[in-house]
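The values are calculated or read from the model by the stated rules, or taken from the named source; none is laboratory data. These figures come from a predicted structure and were not determined experimentally. Here the Cβ positions follow ideal geometry from the backbone for every residue, glycine too, while neighbour counts run over all protein chains shown. Each accessible area value is taken on the protein alone, full model and side chains, heavy atoms only, with ligands, DNA and RNA left out. Shrake-Rupley method; radii C 1.70, N 1.55, O 1.52, S 1.80 Å.
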Amino acid sequence: MSESRSDAASPRAYQIIARCRELALYSEVAGETTRTFLAPSTHSVHALLSGWMKAAGMQVRVDAAGNLRGVLAGEWPNAPRILIGSHLDTVAQAGAFDGILGVVLGVALVEELTARSHTATTFDPKLPFTIEVIGFSDEEGVRFGKPFLGSLALIGELDAATLLLTDRNGVSVADAIRDFGLDPAELPAAIVDKSACAYLEFHIEQGPVLESEGLSLGVVDTIAGQTRMQFIFTGQANHAGTTPMGAQRRDALAAAAQWIVAVEQYATECAGLVATVGKVETLGGASNVIAGNVVATLDVRHALDKVRRSAIAHFINAAQTAATARGMTVTHSTSLDQTAVDLDSDLTALLADAATRAGHAAHWMISGAGHDAMIVARRVPSAMLFLRTAAGLSHHPDENVLPVDVEAALATGLEFLQILRDDKAMLKRFIALTSQLKQEDNHA
Ligand code: HGY
Ligand code: MN
Ligand code: MN
C-alpha cells in the first residue's frame, strides 16, 4: 500500500526538520557535517537541545559518557520510564538526519504532550510514566574505531579496555571524556535507571526500501549483525620505474585490489550479505613507489550470524591468497563483532499498531545499519521506527526526509505513548520483560 506524499505536514514537522538542519551546522570541519565523539562542537549541540528540552519542562544533564539526558518526570517518583533516543555524532561529511532526528523527534513528542497539558504555571501532563530522551555521544565509532560508546555507557558496558582506546592523535577515550569537561569516574551514574521498561528509537531507514514501497514508515524486527575489521597487506616498497613486473614486485596495493574485487564478488553472490572496503591507506605512498604497506577496512553485515561468519572466513582466505600470490604477508584484526539483534516483538507490534492508529502502514523490515537500539536491547525491550529516506541516500550531505514522513512518525509516537498511557497491563508487561532481561543478564 503506498501512501500519498501530499498529506499535509504540521508546522511541528517542518520545525523538526529545521532543528536537525540547524544542529547539522555544528561540525569539527567547516562547510560539512562531521561531528565525532565529544568533538568541541558537541557542546553547542548539547546547548541547543538542552534549551528545547528545558522549555518543554524536562530536567537535563550530560552523563560521564557525554550522553545528553532529558527527563520529563511521570506522575509519581520511580514511575516506569520510557526511553526515546538516538545518537548525536555523525560520520564524516554526513547528512543532517542520521541519529539526530531521533533525538529531535523525542523532544518534539514531549513538547506535544506538555503543550497539550500546559497549565498557567507548570507543565503537568500527569503521565503514568517518565520519559527520558537520550542523545547518545557516539554510535558511529569514527573517532576510536569502536561504535556505540554512548549506549554502552547507558547499559554499564563502557569498560576499562575501551577507555584506553586511542584516536589517531593518541588521545584515549578517557582523556577525550576529561577534555570535554567530564569525569570517567562518574560513568556508573550514566547507567540507565532501573525504572526503564521500554526504548523507542526513531531513525531514517538509510536505504531504498520504504522509498520503493511508497511508504513513510517501517518497523524493525531485526538489526543485522556486523563485523568491522582491518587488514594490513605487507609487501616491499620499491622503485616503480626500475622494478620489473612479476615475481620481483611485492605490490601491497595490487594485492589489496585483488582482495577487494574478491570481497565484492562473494558478497554480490550471497543473498542478504553486504561487505564493504570503505577505506584503503597506502602507508608512505607515492606515485613512483610500489606500495609496501596497505591498511584496508572491512565492514561485513548479514541478518544471520552464521552467514556473516562464513563470509568473514572466506574474506580472510581471499586476503591470504592475494598476498601469497605475491610473496607477501597479510594480517587482520577485528574492532567490532556485533551479533544480529531481534528487537522486542511485543513492543514492535505495539509500535506497528500505533502507526496504524495514526493512519500509516508500517513495513516490517530488517535494518542493515547498526543502531543504538541493538545495545540498549540487551537491558530494555527496544523498538525502532524507520522513516523513509529520500532516494535511499545516507551517510551523505544530501541525506533527506520528507515533512509528511516526519509528521507520520510524530503521530505514531504520540499514539505509541497513548497506548502505553491507557493500557496499564501493557506497561506492566514491559516492566516484567525488563526485569526478566536483567535476571538473564545476571545469570549470563
Ligand atoms: O554504519 C552503521 O551501521 C550506522 O550508520 N552506524
Ligand atoms: Mn550512521
Ligand atoms: Mn545512525
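Is region 359-367 home to any residue that is aromatic (F, W, Y) and not in a helix (DSSP H, G or I)? Even if it seems obvious, please write down each step before you answer.
Taking region 359-367 as the starting set, the residues that turn out to be aromatic (F, W, Y) are 364.
Subsequent filtering for residues that are not in a helix (DSSP H, G or I) retains 364.
Among the residues of region 359-367, at least one is aromatic (F, W, Y) and not in a helix (DSSP H, G or I), which makes the answer yes.
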When every residue in region 384-411 that is within 18 Å of the chain's Cα centre (by Cα) and open to solvent by 10 Å² or more (accessible area, probe 1.4 Å) is compared, the one farthest from I366 (Cα to Cα) is P397
Specify which of the listed residues (A349, A355, A318) is crowded, with 23+ Cβ neighbours inside 10 Å and either touching a Phe, Trp or Tyr at 6+ places or on another chain (Cβ under 6 Å) or in a helix (DSSP H, G or I) (or both).
A355
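So that you can scan it fast, the table gives a plain yes or no per residue for (1) surrounded by fewer than 16 Cβ atoms within 10 Å (Cβ to Cβ); (2) assigned by TED's automatic domain parsing to the domain that holds R69; (3) under 22 Å from H371 (Cα atoms):
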| residue | (1), (2), (3) |
| --- | --- |
| L149 | no, yes, yes |
| L158 | no, yes, yes |
| V173 | no, yes, yes |
| A176 | no, yes, no |
| F180 | no, yes, no |
| P188 | yes, yes, no |
| E201 | no, yes, yes |
| G207 | no, yes, yes |
Subset tally (residues that are buried (at least 21 other Cβ atoms within 10 Å of the Cβ) and assigned to a helix (DSSP H, G or I)) for region 21-40:
1
Restricting attention to region 390-444, which residues are in a helix (DSSP H, G or I), small (G, A, S) and modelled with pLDDT under 95?
A390, A391, G392, A425, A432, S435
Residue list for region 50-80, filter: closer than 18 Å to A115 by Cβ and part of a helix (DSSP H, G or I):
G51, W52, M53, K54, A55
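With the structure loaded, tell me whether A267 is within 16 Å of ligand 1 (Cβ to nearest atom) and in a strand (DSSP E or B) or whether it fails that test.
Working: within 16 Å of ligand 1 (Cβ to nearest atom): yes; in a strand (DSSP E or B): no.
Considered against the rule, which asks whether it is within 16 Å of ligand 1 (Cβ to nearest atom) and in a strand (DSSP E or B), A267 comes out as no.
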Please give the number of the condition A325 fails out of (1) open to solvent by less than 60 Å² (accessible area, probe 1.4 Å); (2) at pLDDT 95 or above.
(1)
Taking the condition of being over 22 Å from T434 (Cβ atoms) and over 11 Å from the mean Cα position of the chain (by Cα), how many residues in region 369-383 meet it?
0
Checking the structure you have, find out if any residue of region 412-423 is within 16 Å of ligand 3 (Cβ to nearest atom), buried (at least 19 other Cβ atoms within 10 Å of the Cβ) and under 22 Å from the mean Cα position of the chain (by Cα).
no
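Can you find, within region 122-143, the residue that is nearest to ligand 1 (Cβ to nearest atom) among those that are of a type outside the set (S, T, Y) and open to solvent by 20 Å² or more (accessible area, probe 1.4 Å)?
Taking region 122-143 and keeping what is of a type outside the set (S, T, Y), we get 123-129, 131-136, 138-143.
Cutting the leftovers down to open to solvent by 20 Å² or more (accessible area, probe 1.4 Å) gives us 123-124, 126, 142-143.
Working: F123: 34, D124: 38, K126: 37, V142: 9, R143: 13 Å.
Here the residue is V142.
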Can you name the number of the only condition in (1) under 30 Å from Q93 (Cβ atoms); (2) in contact with a helix residue (DSSP H, G or I) (Cβ under 9 Å, 6 or more places away or on another chain); (3) open to solvent by less than 60 Å² (accessible area, probe 1.4 Å) that S50 fails?
(2)
Matching entry among A369, A361, A373 (being away from ligand 3 (no atom under 16 Å from the Cβ) and either under 17 Å from G102 (Cα atoms) or among the aliphatic types (A, V, I, L, M) (or both)):
A361
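Sort out which residues of region 234-248 are modelled with pLDDT under 95 and either aliphatic (A, V, I, L, M) or farther than 20 Å from A322 by Cα (or both), and write them in order of number. So that I can check it myself, show each step before the final result.
Residues of region 234-248 modelled with pLDDT under 95: 246-248.
Scanning region 234-248 gives a single hit, A247.
Step by step: first the residues of region 270-303, then only those that are part of a loop (DSSP other than H, G, I, E, B) and open to solvent by 70 Å² or more (accessible area, probe 1.4 Å), then the one that is modelled with the lowest pLDDT. Which residue is that?
That would be G284.
Residue under question is E112, and the condition is that it be away from ligand 1 (no atom under 16 Å from the Cβ), at pLDDT below 95 and not small (G, A, S); does it hold? Step through it out loud before you land on a result.
Values: away from ligand 1 (no atom under 16 Å from the Cβ): yes; at pLDDT below 95: yes; not small (G, A, S): yes.
Answer is yes for this residue.
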